[in-house]
Amino acid sequence: MAAQAASTIRELQRRYLFPSVITYYEESLPIESARGCHAFDFDGNRYLDFFGGILTISVGHSHPRVSAAVRRQIEKLVHVSTLYPNEPQVRLAEKIAAKTPAGAGLTQSFFTNSGSEADETAVALARMATGSGAVIGLRHGYSGRTVLARQLTAQAPWRGLDDEMPGVKQAHAPYCYRCAFRLAYPACELACARDLEELIQTTTTGRVACFLAETILGVGGFVVPPREYFEVAVPIVREHGGLFVCDEVQAGWGRTGDRWFGIEHFGVKPDILTMAKGTANGFPIGVTVTRPEIASKWKGLTISTFGGNPVSCAAALATIEVIEEESLVRNAAVVGAHLEDGLRGLAEKYPIIGDVRGMGLMRALELVTDRKTKEPARKAILRIFEETRRRGLLIGKGGLYGNVIRLSPPLTVGKAEVDEAVRILDESFAAARA
Ligand code: PMP
C-alpha cells in the first residue's frame, strides 16, 4: 500500500509536472513527512536529512515553535497584500535590521517570495541607484531562475538559453581548488579578485552598477573564498561606482557558524544583502535589505503581491527566535567543526575525495577520479548517492560538473547525528569503491 503511494506520486509527477523538475536518485524518493533532522518516505523508512531541503530547514523540520506561530497567524490574517501594513512584516523587517552586519546600515527591506526575486530586486535597485547597467557576477555562481538570475548564473547546465540579457559579466571565481590562474593561495596574491579591474576596464564603460557575489558559492559546490578575497574585490568595484550586493541566500542566518551572515567572516560590509531559503524554515520568502539612501532610489511603482506575506513573516520571526534562543549560530560552528573532522578522516581513506571545504554547517566533498588531474568523478557520485539513500542519509549535489557532495543539515543537528552521517558516508564510499 505504502509503496504504491510512492509509485503513484512518481507517476503523477511524470505525467503532470515539467520534466525539468529534477529529482535525485535513479528512482525518485517521495517524502511523506519530516520532523527535526529526519525525513520519512512512504514505506516508513527514516532518513537523516543532511541537505535540509537545500539549506532551507534552519531549525529542523516542523519545529514546534515555528508551527505554532504559523497556526496562530493563519487564524488571524493570511493575506492582504503590501497595500496594507501587516504586523509580522514590519516586525520581521525590524528584526532583520538588527541582525544585518554591524555598521553596514542595512535597515530597509523589500520582501518577495524567493532568492531569484531577492537577487533580481537587488540588481534592479543597484542599476537605478547608480545609473549604470553593468552587473558583475561570479563564474560558478548561482542566482536563480528569472531571466536576470539565469544570466547571472555562471554554470552551463543551469543556463538553458544563450545570452538572454546584455550587461552581465562574470569575474573569475575564488575557487582555489580549480584556480583559473593555476596559482596557489596565498602566493597568488588574490589574482582572481585583482582581475576585476581588468574585467571592468575591458568589458564595461568603466562604470558598473554592482558586483553580486555569494559569500560561499553554494550551487557551485560550497566554494569558500580566501579570507582577503572581498577586501580586495569590493574596493575595485566601488572605485568604478558599483555597489556590493552580497547574496546570503545559502550562507545567511548562522549557517557558516559564529556569525549571522557569511560576509561577516570576511571584513567587508555589503551595500545590499539578499536572503531567502533558511529565513523562514521552509516558508517562501525572499528579502532584499539595504541602506535607506539606496532603498529610496527605486524608480517607478513596484509591488509584490505575496511579498511580506504575514504567514511567511511569522514563520521567519519564529525561526530567527529559535536560532537565537537555542544558540544555533554557535552550534553551527561547533558541530560544523566536528563534521569537518569527520570528513577529513574520510578524505584520508578515500582518494576519490579531492577536496574538503566549507564553513560551519555548510560542508562539501569534491570528488575526482584522480587527485592529480582533478577529473570530476561524475559517475561515482551517482553510486554514492544510491548507497547513502539505502543507508538512510540524504545528501546534496553541486558543482559545475555535478561532482560535489554538499552537506547542510539543520542548525539544530548534534554531534551524534554527524557521527551517524559520517559512518554512512564511510560505508557508502567503501561500497561504491567495491
Ligand atoms: N541565490 C543563491 C545563492 C541560491 O542558492 C539560490 C537557490 N539555489 C537562489 C539565489 C535562488 O533562489 P530561489 O530558488 O528561491 O529562487
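The values are calculated or read from the model by the stated rules, or taken from the named source; none is laboratory data. The structure displayed is predicted, hence computed values, not measured ones. Cβ: placed from backbone, ideal geometry, glycine included. Neighbour counts: every protein chain shown. Quick note on the areas: whole protein, heavy atoms, side chains included, nothing else; ligands and nucleic acids left out. Shrake-Rupley method; radii C 1.70, N 1.55, O 1.52, S 1.80 Å.
Just a few scattered comments:
- Qualifying residue in the stretch 123-141 (condition: in contact (Cβ under 8 Å) with a residue 12 or more places away in the chain, over 30 Å from K372 (Cβ atoms) and within 18 Å of the chain's Cα centre (by Cα)): yes
- Once the stretch 157-186 is narrowed to residues that are part of a helix (DSSP H, G or I) and within 16 Å of the ligand (Cβ to nearest atom), the residue that is surrounded by the most Cβ atoms within 10 Å (Cβ to Cβ) is W158.
- Of the residues examined, Q4 is one that is modelled with pLDDT under 95, away from the ligand (no atom under 16 Å from the Cβ) and not hydrophobic (A, V, I, L, M, F, W, C).
- Residues satisfying the stated conditions in the stretch 226-236, i.e. surrounded by 24 or more Cβ atoms within 10 Å (Cβ to Cβ) and more than 16 Å from the ligand (Cβ to nearest atom): A233, V234
- So V245, is it more than 16 Å from the ligand (Cβ to nearest atom) and open to solvent by less than 10 Å² (accessible area, probe 1.4 Å): no
- Cβ-Cβ under 8 Å pairs, at least 6 apart or on other chains, the stretch 373-388 side without any contact (Cβ under 8 Å) to a residue 12 or more places away in the chain and at negative phi, far side of a type outside the set (D, E, K, R) and open to solvent by 10 Å² or more (accessible area, probe 1.4 Å): E375/T369
- Taken over the stretch 287-297, the criterion of being under 26 Å from the mean Cα position of the chain (by Cα) and in a loop (DSSP other than H, G, I, E, B) is satisfied by R291 alone.
- Answer from T388, T319, T373 - the residue that is of a type outside the set (A, V, I, L, M) and open to solvent by 40 Å² or more (accessible area, probe 1.4 Å): T373
- Qualifying residue in the stretch 268-281 (condition: modelled with pLDDT of 95 or more, open to solvent by less than 10 Å² (accessible area, probe 1.4 Å), away from the ligand (no atom under 13 Å from the Cβ) and in contact with a Cys (Cβ under 6 Å, 6 or more places away or on another chain)): yes
- Residue ranges of helices (runs of 4 or more DSSP H) in the stretch 31-125 with at least 3 members touching a Lys or Arg at 6+ places or on another chain (Cβ under 9 Å): 52-55
- K95 in contact (Cβ under 8 Å) with a residue 60 or more places away in the chain, more than 13 Å from the ligand (Cβ to nearest atom) and open to solvent by 20 Å² or more (accessible area, probe 1.4 Å): yes
- Residues that are of a type in the set (D, E) and under 20 Å from F211 (Cα atoms), drawn from the stretch 145-188: D163, E164
- In the stretch 253-267, of all residues being open to solvent by less than 10 Å² (accessible area, probe 1.4 Å) and closer than 16 Å to L328 by Cα, the one that is farthest from the chain's Cα centre (by Cα) corresponds to G257.
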